[in-house]
Every structure is written in C-alpha cells, then in structure tokens.
Amino acid sequence: MKKNRTKKKARQGVAEILGNRHGMEMVQVAILIALAVALGIIFRTEITRFVNNVFSSLNS
C-alpha cells in the first residue's frame, strides 16, 4: 500500500516537472549548457588560437 502511494507521488512529481513551464525552461537551459560545453571541447584549439591572436594584437 505504502509503496504504491510513494510511486504515485513520484510519478506525479515527474509529470508536474515535465508539464510545468518552469521545468521545461530548466531542461532547455541544461541542453544549451551541454551544447556550449560540447562546442568548446570540439573547437578548443581554434578558440585558443583566436584568443592568443587577439591578445597578441592588443599587446603590439
């Protein structure tokens, strides 16, 4: 009995988070952060080269 009630509450909580606009915004933010990190890892050398060129131009 108690187990079923706990499962029902858990399902309601998940449904509320997924159905809630605030929950969807959090998912969108998490996806954008993951995308930014992935792009940073993929283009790490190009980003580093660009930043070094900019700073060397500023120092000249």
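Structure summary
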read-out: Estimated vicinal HN-Hα couplings, Hz - the stretch 32-45 in sequence order (Karplus 6.51, -1.76, 1.60; Gly, Pro = x); value: 5, 5, 4, 5, 5, 5, 4, 5, x, 5, 5, 9, 4, 5
read-out: Pairwise label distance in nanometres, Ser57 with Ala38, each label 7 Å out on the Cα-Cβ vector; value: 3.0
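Any read-out appearing in this document is the output of simple, stated calculations on the displayed coordinates, not a laboratory observation. Just so it is clear, the model here is predicted, and its values are computed rather than measured. Cβ atoms come from the backbone with ideal geometry, glycine included; neighbour counts cover every protein chain shown.
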